[in-house]
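The values are calculated or read from the model by the stated rules, or taken from the named source; none is laboratory data. Here the structure is a predicted model, which is why all the values come from computation and not from measurement. All Cβ positions, even for glycine, are placed from backbone atoms using ideal geometry, and neighbour counts span all protein chains on display.
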Ligand SMILES: [Zn+2]
């Protein structure tokens, strides 16, 4: 029973982390000052140290980021 409970807790934790990532929507590159949809192929190539998560498009624009020319966020 204990094993089942800890597996359940780990599952909930993974799910909550994933939902935060999926709900984020926009990912900026702190180096290039360009932001993307989170599913843009550039996001996958981005160095994770440069990733900045935005919850809205306005937030990214107000932070001085420009939209990506490929995914047009
Ligand atoms: Zn993009």
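What about residue 60, is it within 15 Å of the ligand (Cβ to nearest atom), surrounded by 12 or more Cβ atoms within 10 Å (Cβ to Cβ) and modelled with pLDDT under 95?
no
Go through (1) buried (at least 16 other Cβ atoms within 10 Å of the Cβ); (2) more than 15 Å from the ligand (Cβ to nearest atom) and name the single condition residue 67 misses.
Of (1) buried (at least 16 other Cβ atoms within 10 Å of the Cβ); (2) more than 15 Å from the ligand (Cβ to nearest atom), only one is false for residue 67: (2).
Would you be able to tell me the number of residues in the range 41-62 that are farther than 13 Å from residue 30 by Cα and touching a helix residue (DSSP H, G or I) at 6+ places or on another chain (Cβ under 7 Å)?
Residues meeting the conditions: 1.
In the range 37-50, what count of residues is obtained for those that are crowded, with 16+ Cβ neighbours inside 10 Å and more than 8 Å from the ligand (Cβ to nearest atom)?
Here the count works out to 2.
Which pairs turn up if I take residues in the range 25-44 that are closer than 15 Å to residue 57 by Cβ and touching a residue at least 40 places away in the same chain (Cβ under 8 Å) and look for partners that are part of a loop (DSSP other than H, G, I, E, B) and within 8 Å of the ligand (Cβ to nearest atom) with beta carbon separation below 8 Å, at least 6 apart in sequence or on another chain?
Listed pairs, sorted by first residue: 26/73.
Please work out which one of (1) within 16 Å of the ligand (Cβ to nearest atom); (2) surrounded by 12 or more Cβ atoms within 10 Å (Cβ to Cβ); (3) modelled with pLDDT under 95 is the condition residue 34 fails and give its number.
Failed condition: (3).
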